[in-house]
Amino acid sequence: VFGELVSVMERDSVTLSTNLTEICEDDILWTSGVEKLLIARISREKQTVSTYDDVLGGRFRDRLKLDNQTGSLIIRNITTKHAGLYKLEISGVKSTSKTFRVSVY
């Protein structure tokens with residue numbers, strides 16, 4: 001399997017975990033799809049937490065939430081339109097990335 005496989009039932013919420021207990025790095029970026037469209041970002045330097053739920057024709061509107069402490073991404077009221085690849089990129093002293101393959105049933 002390419003990335004961590006996450007299965008979720010339609011209309012439920014899913015949390016894609018950073019596995020961090022607190023944000024110590026500079027930037028946390030969440031992208032969606034093979035196009036790697038930016039859907040969420042935490043910038044420690046700018047002290048901002050942003051979600052970009054208007055991408056893909058508003059597919060994520062009112063569904064995205066970022067955990068301010070861990071940087072984990074929560075997708076609420078998920079539908080089959082939200083199935084696919086999600087990528088986490090953490091930059092800073094310990095740069096790392098993680099891929100999730102979300103299936104919705």
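The values are calculated or read from the model by the stated rules, or taken from the named source; none is laboratory data. All of these numbers come straight from a predicted model, not from anything done at the bench. So basically every Cβ, Gly included, is an ideal-geometry build from the backbone, and we count neighbours across all protein chains shown. To get the accessible areas, we keep the full protein, side chains included, count just its heavy atoms, and leave off ligands, DNA and RNA. Shrake-Rupley method; radii C 1.70, N 1.55, O 1.52, S 1.80 Å.
Key figures
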quantity	calculated
Cα-based shape type of the stretch 1-63, given that a ≥ b ≥ c are square roots of the gyration tensor eigenvalues and the cut on a/c is 1.5	oblate
Total formal charge among the other residues, if their Cβ is under 10 angstrom from that of Arg44, Lys/Arg +1 and Asp/Glu -1	-3
Where GluC sites (Glu not before Pro) in DSSP loops with at most 16 other Cβ within 10 Å are excluded, longest remaining stretch of the chain	46-105
Cα lying deepest toward the dipole's positive end in the stretch 1-101, options Thr21, Gln47, Thr80, charges on Cβ	Thr80
Mean ellipticity per residue at 222 nm, deg cm²/dmol - from DSSP H runs of n ≥ 4 across the chain, formula -39500 (n - 2.57)	-500 deg cm²/dmol
Accessible area of Ile90 in the full protein assembly, 1.4 Å probe (Å², nearest 10)	10
